[in-house]
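This report concerns only the one structure given below.
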Amino acid sequence: MRVLRQFTSRFTMLSTAAFFALSSPGLAAEGDLQFPAFAQAVAEAAIGQDEVAAFYRSNGYEPIWTSDDAASMARRTALLRALGSAGDHGLPVAQYDTSAVEAQMRHVASPREQGQVEAELSRIFLTYAHQLQTGILNPRDVSRDMKRRPQRVDGTELLSGLAASDNPDFYIRGLVPDSDEYAQLMHARFELEELVNEGGWGPTVQASKLSPGDSGPAVIALRNRLVAMGYLNRSATMTYDADIQKAVQRFQSDSGLTSDGVAGDSTLDALNISARDRLKSVIVAMERERWLSIDRSRRYIWVNQTDFTARIIDAGAITFETRSVVGQNNSDRRTPEFSDVMEHLIVNPTWNVPRSIATNEYLPNMIQSQGQTARHLQLVDGRGNVVSRESIDWEAVTPANFPFDLKQPPSRGNALGLVKFMFPNPYNIYLHDTPSKSLFARETRTFSHGCVRLGDPFDFAYALLAEQEDDPVSFFQSILRTGRETQVDLVNPVPVHLVYRTAFSNLRGEMSYRRDMYGRDAMVWSALQAAGVTLPGGES
């Protein structure tokens, strides 16, 4: 920061005479010799930086930073001011180091040196702009389950927009993600950073379980930690009393835990997570928010995997919410992260068993039992005909040569339940009903093969259909009663966002945290560290 402040002072107050010398009549008289030197220097400095090179080709190699006019000075000032607060966004400030260009600026004495500085400032600006707008990382480079493709704005467009702006401060501030969630995360980052600098929430609670009525040092540690975290007013009690129980319940609710008021293993594990680690989660969530592009003025579906919920959001308000079950924590079953558009729902769906599930899970038992297991599944040949199990020579069948598909006809026992919600995607992921209702009572709900099961699928369907049907309940139930597989198109398709947030703001505008069940946040944080993101004190 000290270097940036010095640079701001020196750079923005750079002698007008220095720049006047670069554009003085004496140099202009040499025209063909001097302007090409600037252009050539910019072109050479932009080798490997296609967006910088394209911008200067498009504007005829006109400087936007290094002229001595007020507009260039305003851009320089705005850039340095923005870089000075890059750390507020959890960005890698070392990537915007201006010490080298500062040294160059002290000795600019020719159009060639001016061109080198010009290109470097554009490079720094684009690095900052891209990382602030759409993220530091490419999600797909971090994990194969993170399928996102951030909508990166072309650098030529960014530079052109800055050059055309009458207010470069306003333009650069406009690069900040404008979602309420990003603003909440930034606020949480400030608070947590201050808390970390002050020592955090104090000693952890050393116990395996604490219940109402307990007393002793562990209860005192629990009391003190709840006070420090803002869940309990200051108290001198040494007993796990009603106030502590209510505070624990509030903490459990905010943490997605069973709100029974008993501090068991999962509750104490969550309570003992340090402010420093929570800060990491918030910075990771800010990066994830930068990857998204959502029109929040219209309806969309939000599935937060770590929270085990699916929501319908209308103009920023939650209008429907249900519990969900997501993929098991296995390499081939974790629910991926991506966005798509829900186009239709299918009532009374057939389950077309994915080949991997058929050959890995069902077929070995079917071969061993000579086709007597999994009788609820039909064997279907390439022409769509159902094949009798008795007609198959099971001795000759292997997973590699099995020529049939497995299908489960519509029924209440169907693995997809009675309705599925389709947003066609390359990953064969969708939302659906399930006959396994008991799983929704679990605290951690990672049981599926990757698709998202809904706790209240009928109500979810009614909420979606309410936009196009006067009586969505009767409409849906009339189709359901036929028992036939039926596709119902959505007149207005709805964007779907399958996200993974361990830190997010709740309905009260306060922070909630969840467990990093797939370990993806740890991978994102590791990649951010490698890119230069640090915590207070420069530590990781």
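The values are calculated or read from the model by the stated rules, or taken from the named source; none is laboratory data. Keep in mind the model is a prediction, meaning the values are calculated, not measured. Note that each Cβ is placed from the backbone with ideal geometry, even for glycine, and that neighbours are counted across all protein chains shown. Remember, those area values only see protein heavy atoms, side chains included, never the ligands or the DNA or RNA. Shrake-Rupley method; radii C 1.70, N 1.55, O 1.52, S 1.80 Å.
Quick notes on this one:
- The set of residues in the stretch 481-503 that are open to solvent by 20 Å² or more (accessible area, probe 1.4 Å) and of a type in the set (A, V, I, L, M, F, W, C) contains only 491.
- Within the stretch 374-402, tally of residues that are part of a loop (DSSP other than H, G, I, E, B) and surrounded by fewer than 16 Cβ atoms within 10 Å (Cβ to Cβ): 13
- Residue 223 under 30 Å from residue 534 (Cα atoms), among the basic types (Lys, Arg) and touching a helix residue (DSSP H, G or I) at 6+ places or on another chain (Cβ under 7 Å): no
- With respect to the conditions (1) modelled with pLDDT of 90 or more; (2) more than 22 Å from residue 305 (Cα to Cα); (3) assigned to a loop (DSSP other than H, G, I, E, B), residue 334 lacks only one, and its number is (2).
- When residues of the stretch 181-240 are limited to those that are under 30 Å from residue 287 (Cβ atoms) and hydroxyl-bearing (Ser, Thr, Tyr), the one least open to solvent (accessible area, probe 1.4 Å): 182
- For the stretch 337-355, filtered to residues that are out of contact with any helix residue (DSSP H, G or I) (no Cβ under 9 Å at 6 or more places or on another chain) and in a loop (DSSP other than H, G, I, E, B), the residue that is farthest from residue 497 (Cα to Cα) is 350.
- Filter result for the condition that a residue is assigned to a loop (DSSP other than H, G, I, E, B), surrounded by 16 or more Cβ atoms within 10 Å (Cβ to Cβ) and either modelled with pLDDT of 95 or more or among the hydrophobic types (A, V, I, L, M, F, W, C) (or both), over 406, 416, 464: 416
Yes/no per residue for (1) open to solvent by less than 50 Å² (accessible area, probe 1.4 Å); (2) more than 16 Å from residue 82 (Cβ to Cβ):
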residue	(1), (2)
133	yes, no
136	yes, no
141	no, yes
144	no, yes
152	no, yes
159	yes, no
174	no, no
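- Within the stretch 251-261, the presence of a residue that is among the acidic types (Asp, Glu), open to solvent by 40 Å² or more (accessible area, probe 1.4 Å), modelled with pLDDT of 95 or more and closer than 16 Å to residue 502 by Cα is excluded.
- Enumeration of residues in the stretch 325-354 that are of a type in the set (D, E, K, R), farther than 29 Å from residue 479 by Cβ, open to solvent by 10 Å² or more (accessible area, probe 1.4 Å) and touching a strand residue (DSSP E or B) at 6+ places or on another chain (Cβ under 8 Å): 333, 334
- Some residue of the stretch 104-113 being among the acidic types (Asp, Glu), touching a Phe, Trp or Tyr at 6+ places or on another chain (Cβ under 8 Å) and either open to solvent by less than 70 Å² (accessible area, probe 1.4 Å) or over 22 Å from residue 294 (Cα atoms) (or both): no
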